[in-house]
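The values are calculated or read from the model by the stated rules, or taken from the named source; none is laboratory data. Here the structure is a predicted model, which means the values were calculated and not measured. Positions of Cβ are generated from backbone atoms using ideal geometry, with glycine treated the same way; all protein chains shown enter the neighbour counts. All accessible areas refer to the heavy atoms of the entire protein, side chains included, with ligands and DNA or RNA removed. Shrake-Rupley method; radii C 1.70, N 1.55, O 1.52, S 1.80 Å.
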Amino acid sequence: MVQSLKIGIWSGLKTTWTLGKIIFPVTLIVAVLQYTPVLPWIIKLISPLMGIFGLSGDAAIPIVLGNFLNLYAGIAGILSVDLSVKEVFTIAVMLSFAHNLLIESSVAVKVGVKVWVMILVRVGLAILSALFINLVWHGGHETAQYGMIAPQDEQLSGIWAIAWHAVEKAALGVYQLAIIVIPLMVGIQILKDLKVLQWFSRMMAPFTRILGMKENTSTTLAAGLLFGLAYGAGVMIQAVKEDGVSKKDVTLAFIFLVGCHAVVEDTLIFVPLGIPVLPLLFIRLFTAILLTLIVGFIWDRREIAKNNIQNAFER
């Protein structure tokens with residue numbers, strides 16, 4: 001047990017250092033951007049496009065905040081404007097697929113997933129889901145009633161005040177990462193030593209095989225489903241090194257988690273907005289499974305075609 005603790009803590013510290021080098025500077029930059037004309041300019045730029053999704057121009061505020069920052073910032077943006085139930089639900093689905101893009105896409109690079117793949121899939125899912133909801137749902141026009149007060153950031157002025165606030169926020173981001181990742185790594189190491197993960201992998205094997213992945217991807221999927229992309233990436237980094245997870249399985253796992261991750265937190269967080277959260281969860285889960293199956297099928301067909309071409313040349 002003592003050895004498991006040592007190995008787990010050391011793995012957690014290394015993972016925190018690896019991800020912290022991404023999270024700290026990105027959070028620092030985005031925190032500063034909040035107090036510049038950049039975010040308002042982007043909001044103004046995309047406001048006219050909101051009508052395509054059946055949204056008012058004000059919907060650009062939570063969408064931009066959520067994509068640049070996180071879901072909490074996006075929800076604060078929702079609470080700051082008057083929107084219909086349908087609009088809130090549409091934004092919630094969009095942000096479930098695409099939020100915190102800068103950090104979570106940067107983290108993906110550490111496990112070998114290309115940034116453009118992450119951004120294309122996440123933004124693409126957000127756009128397609130919004131178009132689909134606008135097409136099939138003709139209700140929800142009543143004004144949304146919120147069950148909580150929006151958390152407002154303190155208004156700051158002065159370069160040093162803003163800079164200090166940004167440093168605090170970036171440091172807090174790394175701290176929050178550490179207090180989740182280190183115990184998570186310790187727990188996983190203990191489960192490994194007790195052979196529990198082997199049993200879990202066998203139980204998950206049918207599901208991971210259906211999705212086109214091997215058994216050793218199950219821990220990664222579970223971590224991402226429960227803790228999210230950033231924290232799940234910590235487990236994935238370790239899995240790639242120790243369990244020999246292939247590039248294909250890493251990519252498929254991340255594509256699945258793009259559609260459906262942090263299922264408890266990212267679902268319950270929308271409850272106070274008065275929208276139906278179970279359909280939100282089912283949309284995410286169904287999309288994740290379908291998208292992973294499609295990508296896995298295309299990947300397999302490409303590999304078969306590539307092997308056929310190589311065999312033809314060898315003859």
*Restricting attention to the alpha-carbon atoms of the chain, what are Rg (one decimal) and Dmax (integer), both in Å?*
20.9, 72
_Run lengths n ≥ 4 of DSSP H only: what is the helix-derived mean residue ellipticity at 222 nm for the chain, with -39500 (n - 2.57) per run over all residues, to the nearest 500?_
-24500 deg cm²/dmol
*asked:* Given contacts defined as C-alpha pairs under 8 Å and at least six residues apart, what's the relative contact order of the chain, whole-number percent?
replied: 23
*In this model, which of 21/114; 192/214; 86/110; 110/169; 14/214 are farther than 28 Å apart at the alpha-carbon?*
86/110
_Added length on full extension, which subtracts the Cα-Cα distance from 0.36 nm per residue, residue 81 to residue 301_ = 74.5 nm
*For an R0 of 30 angstrom, estimate the FRET efficiency from the Cβ-Cβ distance between residue 193 and residue 21 and round to the nearest 0.05.*
0.55
*How high is the FRET efficiency from residue 265 to residue 163, r the C-beta distance, R0 35 Å, rounded to 0.05?*
0.70
*Other-chain or far-sequence residues with amide H under 5 Å of residue 84's (modelled H)*: 144
*Taking the Cα-to-Cβ direction at residue 5 and at residue 29 and moving 7 Å from each Cα, how far apart do the two end points lie in nm?*
4.0
*Counting GluC sites (Glu not before Pro) as exposed when in a DSSP loop with at most 12 other beta carbons within 10 Å, what is the longest stretch of the chain free of them?*
155-315
*Which of the helices in the chain meet the span-like rule: DSSP H, Cα axial reach of 15 Å or more, Kyte-Doolittle mean at least 1.0?*
2-33, 85-97, 115-136, 159-193, 247-259
*How much of the accessible area of the stretch 1-77, probe 1.4 Å, is carbon plus sulfur, in whole percent?*
77
*In percent, how large is the relative contact order of the stretch 3-117, given Cα pairs closer than 8 Å and 6 or more residues apart?*
22
*On average, how much area does the Cα convex hull of the stretch 1-114 cover when viewed from any direction, in nm²?*
9.5
*Determine, from the Cβ-Cβ distance of residue 135 and residue 207 and an R0 of 35 Å, the FRET efficiency 1/(1 + (r/R0)^6), rounded to the nearest 0.05.*
0.70
